[in-house]
Ligand SMILES: Cc1cc2nc3c(=O)[nH]c(=O)nc-3n(C[C@H](O)[C@H](O)[C@H](O)COP(=O)(O)OP(=O)(O)OC[C@H]3O[C@@H](n4cnc5c(N)ncnc54)[C@H](O)[C@@H]3O)c2cc1C
Ligand SMILES: Cc1ncc(C[n+]2csc(CCOP(=O)(O)OP(=O)(O)O)c2C)c(N)n1
Ligand SMILES: [Mg+2]
């Protein structure tokens, strides 16, 4: 973020085992902080295993100014489970705090206690978490809340807003539950106020206290849901798959309240098939999946393109190929989203870069799909799907609730041509129920009437139509398709990015600027069709263009340099984790000639080797 | 007098047909099927059924997969969706869920239904999606020129079974009964009037109705499911068959060598649409 | 490769810290665990009075930067209380229920402020000066120009007392037999030293023993100390400075001899196998005095730690006190002590 003297910018990591309430504690923290008007970005990781002892970690960045990603280092780490938390101790900055249980219930093996791993420059804060929970509530269940209270007290956070948040969090449970947890919180908080603070973690008042009341914490998936609802989604079809499932789960709760219908289908093929079927009737319909599901949907996406039926497909990427790394993040489905399937099947692909973008892209996707009569893929990844950010919902619904350009009226008494040639290549569409406009759509190549035809001139004309009409999407209003940040005019290094990684890119760009490197960054939201003119102009301004992304071969870099016919520098990483700001910054330094000494020898690396190196680091 | 011996005058017949109205449900496209194909009976039966039930063509969507059978929508004058091989039912489900007021008919071949699309059938059946599924069974892959299908008989010779088909054929009706489809019947292209009645009855059923239609492929099958064989093979369901008795229905479909024509099973139960409305009610919403 | 020797040092005060760095210097491969109750790496406790001169950042007190521990390969285990030592199994047991094995153990647990029985009930109303955190609390509790009531007034306390007087605070000193600990002073010298203290501005109450500590009355400073003769002294902070008692409770079942401190030979070996001791915690056999003696004072403590480390790594040296502890008045009637000479 852009630094300001009076800014708060702290990051808390809470780590425990499934069942410890790690995520719940993190939830309360982020809600409490966002209620006060802080900006919050958070990302939770939980295990692939459902039961047992998998690791949960919640990282929460709280700031008064705008930030764009998590920080590589946290200011405090709270351990609810030492074996899981120990590897994360190194993520705590010097003089940051490590908070943990100092009287565990069971014996622990030599070296198994976190106190042996706290770095000399970090400050250990041990407390009898379990004991305090039992004393305050009669059970050890509220350990997470005790330690949350302790952390809040230690950092001097306001108590009341936590009380409010805890009350809300447990309002669906028996009243005693909220009460117990308030006691647990206070017990931890009170203890902390008696402890001398050794560290330098500063909480200052938020910049905009007023917005706190309006601000809500949302994940990318939550924002997709909100966007869908605000755009008036009628139908949803889905098949569970991490990290997209929570979209369906929430829609299933929300949609029926306004008469919407959700169906869990038997597989992804059915999900997209039903989505397209419903889209054919004129209903606003969506599905959401991840890479493996999109692979199954490929043929149907092609049908949607060919039959010119609107549909919205949210794809939240995870590690691949195949079943891959279901609970790790990656950006390796770009090629499939843009190109996947048989034939020349151009479609519209939007990749939001932050939670607010998820809201806008999801809601707008319906309008776009209807306007261009085609599938629209909204491409997220696990990191964006699951990360929380504070967003201020728009005062007025920004989406058109009804299709903009409906639909055909029969011209005179000529036969209705579903696929008639028009100036903008979008043909008047009719939907079942409209008399006199009956027609059949098909995945076969067809003439203007929609009748199957394999004549060369028909195939050429129709290919042209399908391709051309999408170019109109480059003139869309009301949605940022691409945007440049940072220095204007000519710069040493330009960072070109897409999707969730763009947060880290912005942080790296601001850091590079503060080191005196002329630097700017461009995010590309519309990946297909590509706003190539703006990208080319950006490329013109940049001495070097760096493309950081979370896939092995640099899929976006390939896409861009292919269309531009000019080289870019790839920075690829496949660790399953978001890209580190420092990693990007190092490349920027290197490309600008202001490299840090340690990296000098690596200048000759090929892109591939660098990818490998980053992947293994 | 024997129906076949009565003289037919073309003008008269055409007038009769026009007056009847079912030809309004035909499109102007000329079918791509081979002369003599059983599928012509389906078009005829379907248009007659729509006419009889008084369903408006603009409120009807015919959804099909890929195959000769699946060309069907092009030849009827309703809304149509010619989808992908095997994906008829999920598309039809989506259409029906989005607009309950539409009459939705799914059409496909035996390969479309029981090979590539077999996984969708139990789900349409268990959800009781209020659509009619017409499967045209010619025991062969017609469109791709005569390969074996899941309903081809053992010993059947085709380009992909040059040394005879070894795979035991499926019993589609048994499958549908075991999925507890709420209406299960069988018809034969060689009995067009009965076929039309059956289509009409299937469409009148509220819920998922499955009509299996035996239909010879005159081009690629000269030995097996021919008109000659089927004319003598088919039988009527016994007059006392109880169509509410699932086990009795199963007993009837078990005898495959003598296919019975008629309605095996029927029951009334909530449809997918009913379930959706109930869900909306429980969530406190207002159904559209 | 043989597994490197694991040296566990309980206590990261002057003795323990000095031992750790010496061990590393003499054996680059050994494993060193430095255990402490503190949340902080080693800092010089006698710098703590500087807090009243504005040194509030604990990082300023560190003789080495934290990163150095990594460089030296010393595993620092802070916030870690040893509750038991098993000399047979060669392991120490932590309050957090972890067992740590050692090949050799050096106990440098120092001492804890001694509190006369009669005052022990009033501990919650008193402040101590045993750590940075405690010292900062005193600083916070003490208003500008406020009064510290010092009970006892050992050399640690007097060090603080002079700083307080120097920085505009007031000191009320209630003398006890532990005043001027660890020096042994006769009545004559005692009188002179007390007079010197008064001359520096301390109010000395020498006639009666403290018997109670109470909260201050409304509107008055936060604390009252009541003396045996009924005198009430009012002040903001009450601090006992009555000398140290060695911290040995966790050694009771270790199989080593204990009198008041851990008894060690002149080479700093305890009677337990592979167990050494150094610093305020140990009593060293003195051949000349024919008794086990404490040798307090920074220079002694430091030397003990280093000596123990040398002996643990193959040397065979005996402890010779650098300082036998003298206290006197100089020409300007300033109190001087070898204890304070750094
Ligand atoms: C305010 C003040 C001023 C002083 N001024 C002077 C001075 O001017 N000159 C001078 O010579 N001396 C002075 N001293 C005393 C001097 O600091 C001590 O003599 C010296 O620190 C003793 O060192 P040590 O290493 O033996 O023990 P300590 O420094 O007391 O260290 C003991 C260590 O053992 C650890 N420990 C204790 N029990 C356990 C346990 N159960 N488990 C784990 N760890 C344990 C403690 O956490 C600590 O790290 C002063 C002390 C104070 C408090
Ligand atoms: C995914 C896919 N695989 C294969 C095909 C080729 N294909 C088209 S129709 C067909 C079989 C059709 O058989 P059936 O469903 O019985 O219909 P019929 O032509 O016999 O009416 C096949 C294999 C296809 N269109 N799509
Ligand atoms: Mg067939």
If you go through C:145, C:87, the only one that is more than 10 Å from ligand 1 (Cβ to nearest atom), more than 20 Å from the chain's Cα centre (by Cα) and surrounded by fewer than 17 Cβ atoms within 10 Å (Cβ to Cβ) is C:145
Q.
Within region C:85-100, does at least one residue satisfy the condition of being touching a helix residue (DSSP H, G or I) at 6+ places or on another chain (Cβ under 8 Å) and more than 11 Å from chain A (Cβ to nearest Cβ)?
A. yes
Note on residue A:469: of the conditions (1) surrounded by fewer than 20 Cβ atoms within 10 Å (Cβ to Cβ); (2) out of contact with any strand residue (DSSP E or B) (no Cβ under 9 Å at 6 or more places or on another chain), unmet is (1)
Exactly one of A:179, A:134 is in contact with a helix residue (DSSP H, G or I) (Cβ under 6 Å, 6 or more places away or on another chain), without any contact (Cβ under 8 Å) to a residue 24 or more places away in the chain and in the same structural domain as residue A:23 (by TED's automatic domain parsing), and that one is A:134
Selection from region A:458-479 of residues free of Cβ contacts under 8 Å to residues at least 60 places away in the same chain and outside any helix (DSSP H, G or I) yields A:477
Of all strands (runs of 3 or more DSSP E) fully inside region A:323-399, the set with 3 or more residues that are within 26 Å of residue A:560 (Cβ to Cβ) is A:348-350, A:375-381
*What about residue A:265, is it within 14 Å of another protein chain (Cβ to nearest Cβ), in contact (Cβ under 8 Å) with a residue 12 or more places away in the chain and over 25 Å from the mean Cα position of the chain (by Cα)?*
no
Here, strands (runs of 3 or more DSSP E) confined to region C:187-292 with at least 1 residues that are within 16 Å of ligand 1 (Cβ to nearest atom) are C:237-241, C:244-246, C:262-264, C:275-277, C:282-286
Could you tell me whether any residue of region B:34-43 is within 15 Å of ligand 3 (Cβ to nearest atom) and facing another protein chain (nearest Cβ under 10 Å)? no
message = Among the residues of region B:84-95, are any within 10 Å of chain A (Cβ to nearest Cβ), within 13 Å of ligand 3 (Cβ to nearest atom) and without any contact (Cβ under 8 Å) to a residue 40 or more places away in the chain?
response = yes
Residue count, region B:255-275, condition part of a loop (DSSP other than H, G, I, E, B) and either within 14 Å of another protein chain (Cβ to nearest Cβ) or within 16 Å of residue B:181 (Cβ to Cβ) (or both), comes to 5
Only unsatisfied item for residue B:132, checking (1) more than 15 Å from ligand 3 (Cβ to nearest atom); (2) in contact (Cβ under 8 Å) with a residue 60 or more places away in the chain; (3) surrounded by fewer than 24 Cβ atoms within 10 Å (Cβ to Cβ), is (3)
Scanning region C:44-68 residue by residue, the ones that are part of a helix (DSSP H, G or I) and either over 15 Å from residue A:121 (Cβ atoms) or within 16 Å of ligand 3 (Cβ to nearest atom) (or both) total 9
Turns out the helices (runs of 4 or more DSSP H) fully within region A:88-193 with at least 2 residues that are more than 25 Å from residue A:35 (Cβ to Cβ), at pLDDT 95 or above and within 14 Å of another protein chain (Cβ to nearest Cβ) are A:129-137
Of B:44, B:16, B:56, the only residue that is farther than 14 Å from residue B:106 by Cα, buried (at least 19 other Cβ atoms within 10 Å of the Cβ) and more than 13 Å from ligand 2 (Cβ to nearest atom) is B:44
Filter region C:54-79 for residues that are within 30 Å of residue C:142 (Cα to Cα) and touching a helix residue (DSSP H, G or I) at 6+ places or on another chain (Cβ under 6 Å); the one that is farthest from the other protein chains (Cβ to nearest Cβ) is C:61
Taking region A:418-457 and the residues there that are outside any loop (DSSP other than H, G, I, E, B) and under 37 Å from the mean Cα position of the chain (by Cα), the one that is nearest to the other protein chains (Cβ to nearest Cβ) would be A:442
For this session: Report yes if residue A:312 is more than 12 Å from chain B (Cβ to nearest Cβ), surrounded by 21 or more Cβ atoms within 10 Å (Cβ to Cβ), within 23 Å of residue A:381 (Cβ to Cβ) and modelled with pLDDT of 95 or more, otherwise no.
Result: yes
Scanning region C:117-128 for residues that are over 17 Å from the mean Cα position of the chain (by Cα) and surrounded by 16 or more Cβ atoms within 10 Å (Cβ to Cβ), the one farthest from ligand 2 (Cβ to nearest atom) turns out to be C:119
Log entry, pairs with first residue in region C:235-251 being farther than 19 Å from residue C:160 by Cα, second being more than 16 Å from ligand 3 (Cβ to nearest atom) and assigned to a helix (DSSP H, G or I), beta carbons closer than 8 Å, six or more apart or on different chains, reads C:246/C:280; C:246/C:281; C:247/C:281; C:248/C:281
In region A:26-49, residues that are touching a strand residue (DSSP E or B) at 6+ places or on another chain (Cβ under 7 Å) and outside any loop (DSSP other than H, G, I, E, B) total 13
Restricting attention to region A:312-321, does a residue exist that is in a loop (DSSP other than H, G, I, E, B), more than 16 Å from ligand 2 (Cβ to nearest atom), farther than 21 Å from residue A:242 by Cβ and not assigned by TED's automatic domain parsing to the domain that holds residue A:39?
no
When region B:211-253 is checked residue by residue, the ones that are in contact with a helix residue (DSSP H, G or I) (Cβ under 7 Å, 6 or more places away or on another chain) and either free of Cβ contacts under 8 Å to residues at least 12 places away in the same chain or assigned to a helix (DSSP H, G or I) (or both) are B:242, B:246, B:249, B:250, B:253
Checked C:28, C:41 against criteria (away from ligand 1 (no atom under 16 Å from the Cβ) and outside any helix (DSSP H, G or I)); the one match is C:28
Taking region C:187-214 and keeping residues within 24 Å of the chain's Cα centre (by Cα) and free of Cβ contacts under 8 Å to residues at least 24 places away in the same chain leaves C:190, C:194
| query | Is it the case that region C:159-173 has a residue that's part of a helix (DSSP H, G or I), closer than 30 Å to residue C:277 by Cβ, within 14 Å of chain A (Cβ to nearest Cβ) and within 14 Å of ligand 1 (Cβ to nearest atom)? | reply | no
Residue set B:118, B:113; condition touching a strand residue (DSSP E or B) at 6+ places or on another chain (Cβ under 6 Å) and either on the phi > 0 side of the Ramachandran plot or more than 9 Å from chain A (Cβ to nearest Cβ) (or both); output residue B:113
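The values are calculated or read from the model by the stated rules, or taken from the named source; none is laboratory data. All of these numbers come straight from a predicted model, not from anything done at the bench. Neighbour counts run over all protein chains shown; Cβ positions are idealised from the backbone, glycine included.
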